[in-house]
Amino acid sequence: MRKMNNVKNQIKNNKKRDTSNIFLMIFGIMFIAMIGRVIFMGGNAPVPTQNGQMVAPTRPIELSFSDVLRRGDEIKTMTINGSDATGVLSDGTKYRATIAYDPELLTKLADAGTSIKIDTSKSWVESVATFAPLVLTLLFIFWIFRGLRGGASGGLSRSLVNQNPTKITTGKPKTTFADVAGIDSEKQELSEIVDFLKNKDKYKNLGARVPRGVLLSGQPGTGKTLLARAIAGEANVPFFAASGSDFSGIIVGLGVAKIKEIFEMAKRNAPCILFIDEIDAIGQKRSTHSYNDQDREQTLNQLLIEMDGFANESGIIVIGATNRPDMLDQALLRPGRFDRQVYIELPDMSGRREILDLYAKKVKVSDTVNLQDLARGTTGFSGADLENLLNEAALHAVRNGRDQVTPDDIEEARDKIIMGPRKVRKMRPEDIKLTAYHEAGHAFVSLMYEDVADPIHKATIIPRGRALGMVQHLPIDDKVSMTLAEVRANLSIALAGRSAEEIFFGSDKITTGAESDIAMATRLARYSITTAGLSKKVGLAAINQVGTFGTRGALENASEKTAEIVDNEIKAWLDAAHADATKHLTKNKKVVEKLANELLNRETLTGEEIREIVFGKKKSTPKSATRKNAKVKKQ
Ligand code: ADP
Ligand code: ZN
């Protein structure tokens, strides 16, 4: 206990010193900013060209506000910073204009396909330079104030790093529900919002209360942003997007100002969608009361005020997205705020099929590619992963001079996404041989349990990522639970690689290559015994506290005696599985050898080929030279 406290104090002291350094740093930055401003104010100095003549750099042309309104069609890009607008015309000319806020302007430009960016960062840099002395004084006061309160959290230093410009993108998206696949019930749920945006008056006349806020939660890449854009696209209203992480800044109150700003903009352009990604960055539960949290709390409060503030019928729908809904402050979820919550799951098999179908239309895919099989083999892939997979496959096809995506390209892309890029490392022949027997062991025992466990998809000795080889299984459908028999089968399959090494190379030649197999088997056994209640000896008690973020939890709810029983039970299960695998392989040594040799020959065998070799439906596998070389040493 005492040691712990000492450590804490040390950390605190360090942090205090850090803070004063940060303070000096800020002072330096301000100083440079002030000087920089003076220098750049005199900007546009003549520059020498190649032939030595001095010419003025091309200045942007000046447009008046009415010019902008009139020539809207010619404007290609526009970055708005307060009342300053800069960008290029469609002929490449740079321009500068002073504009007034006019919703019609934004709509007009958006309709003309202008890419608009609202940049609030630069204005802040400028104001910092202008008001540096004032800000410095304020910072100084805050600094002292923090020192007095004894709270140190490194808030400033973190904010400094996070200081990124708020980019609010806008325009009317062309995205529609047709671009979102595999999540029909979610689309259904959100179509009411579309209807409301389209027919505001119908709802108003009826006096119906329409949600102001919708919270989309789900893992990254499940299409939250896409769905929000599609709602705007379906309703044909402007879409404003900002990210929660943009709202924390170096200066206290910056977040509040930014929230005000985006809501102002939304109000001027209603009906519209205001999308806030990573809303957990603002809306996190209040925990400690450090300096940083106070600022965030103010930002959160401002968000709540704004959401309570606009009239229901104004037609602003705020859509928040998060992958940690559990982290959100309850205040955000009250009626009138984000009272509509839609959880987007990772797509299931039919969802994956639909997403694959959607993107397969955009690349040339050969008829020989079976998208249903691919959907089966991509459990856990998000929509973004699936899109990425087809794209990777297309790239692979191009690299190999094909004009169509073939099953090979798909396999390559899938493996790449699962396991990282193909390894090009040279392997020693004896390592390859051992790997072949190891994988043959997995494959053979898999076949013994095909009626219980997942059917085998392929076995390979081509190294990828950290794996020297692997055996893949294809689940028949999305699994949510396992039977006890299945658990035992999976344990045997997992430990069969090591068994094969022992049987064919001798127990002193076994390798560390089985590391991940053993880890996997131990995890599965531990989970079954301590969490899923599958062990008779331990019973139905849940004694494993699974740690956050998937770390192995301690046996928190177990007495020392129980912990011992658990340890023994895990060992007993693993030993039994190992013995089982060894039994199967010893009994069928010849076939396993054949399988290993075929792997050495062909490097990769499909599930079908493996079945053929083992069950000998067609006894036509050609003998080859390498087979002779691969003669194994018996135990
Ligand atoms: P999130 O916001 O949930 O992290 P995104 O909407 O940014 O995910 O998804 C990234 C990309 O993945 C999308 O632009 C789209 O191309 C693709 N995608 C994700 N989910 C789907 C889906 N259900 N249907 C079609 N495309 C999807
Ligand atoms: Zn293995």
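Within the range 175-193, does at least one residue satisfy the condition of being in a helix (DSSP H, G or I), more than 16 Å from ligand 1 (Cβ to nearest atom), at pLDDT 50 or above and more than 27 Å from the chain's Cα centre (by Cα)?
yes
Scanning the range 487-516 for residues that are within 33 Å of the chain's Cα centre (by Cα), closer than 16 Å to Leu585 by Cβ and in contact (Cβ under 8 Å) with a residue 60 or more places away in the chain, which turns out farthest from ligand 2 (Cβ to nearest atom)? Checked the range 487-516; the qualifying residue farthest from ligand 2 (Cβ to nearest atom) is Leu491. Filtering Ala596, Ala579 for residues that are of a type in the set (A, V, I, L, M, F, W, C) and either surrounded by fewer than 17 Cβ atoms within 10 Å (Cβ to Cβ) or modelled with pLDDT under 85 (or both) leaves a single hit, Ala579.
Yes/no matrix, rows are residues, columns are (1) assigned to a loop (DSSP other than H, G, I, E, B); (2) touching a helix residue (DSSP H, G or I) at 6+ places or on another chain (Cβ under 8 Å); (3) not assigned by TED's automatic domain parsing to the domain that holds Arg340:
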{"site": "Pro211", "(1), (2), (3)": "yes, yes, no"}
{"site": "Val214", "(1), (2), (3)": "no, yes, no"}
{"site": "Gln219", "(1), (2), (3)": "yes, no, no"}
{"site": "Ser245", "(1), (2), (3)": "no, yes, no"}
{"site": "Ile259", "(1), (2), (3)": "no, yes, no"}
{"site": "Ile262", "(1), (2), (3)": "no, no, no"}
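Only one of these conditions is not met by Leu540: (1) within 14 Å of ligand 2 (Cβ to nearest atom); (2) in a loop (DSSP other than H, G, I, E, B). Which number is it? Every listed condition holds for Leu540 apart from (1). Taking the range 220-241 as the range and being within 16 Å of ligand 1 (Cβ to nearest atom) and in contact with a Ser or Thr (Cβ under 6 Å, 6 or more places away or on another chain) as the test, the residues that pass are Gly221, Thr222, Arg229, Ala230, Gly233, Glu234, Phe240, Ala241.
All conditions but one from (1) within 30 Å of Ser507 (Cα to Cα); (2) within 16 Å of ligand 2 (Cβ to nearest atom) apply to Glu430; the one that does not is (2).
Kindly establish whether Glu387 is under 30 Å from Ile503 (Cβ atoms) and either out of contact with any His (no Cβ under 6 Å at 6 or more places or on another chain) or buried (at least 21 other Cβ atoms within 10 Å of the Cβ) (or both).
no
Evaluate the range 316-330: report whether one residue or more is at pLDDT below 85 and within 20 Å of Ile273 (Cα to Cα). Looking for residues that are at pLDDT below 85 and within 20 Å of Ile273 (Cα to Cα), one finds none in the range 316-330, hence no. Go over the candidates Ala360, Ala375, Ala397, Ala413 one by one and state the one that is more than 16 Å from ligand 2 (Cβ to nearest atom) and either in the same structural domain as Ile456 (by TED's automatic domain parsing) or within 18 Å of Thr460 (Cβ to Cβ) (or both). Exactly one residue qualifies, and that residue is Ala413.
The values are calculated or read from the model by the stated rules, or taken from the named source; none is laboratory data. Because the structure is predicted, anything quoted here is derived from the model rather than measured. Positions of Cβ are backbone-derived with ideal geometry, glycine not excepted, and every protein chain shown enters the neighbour counts.
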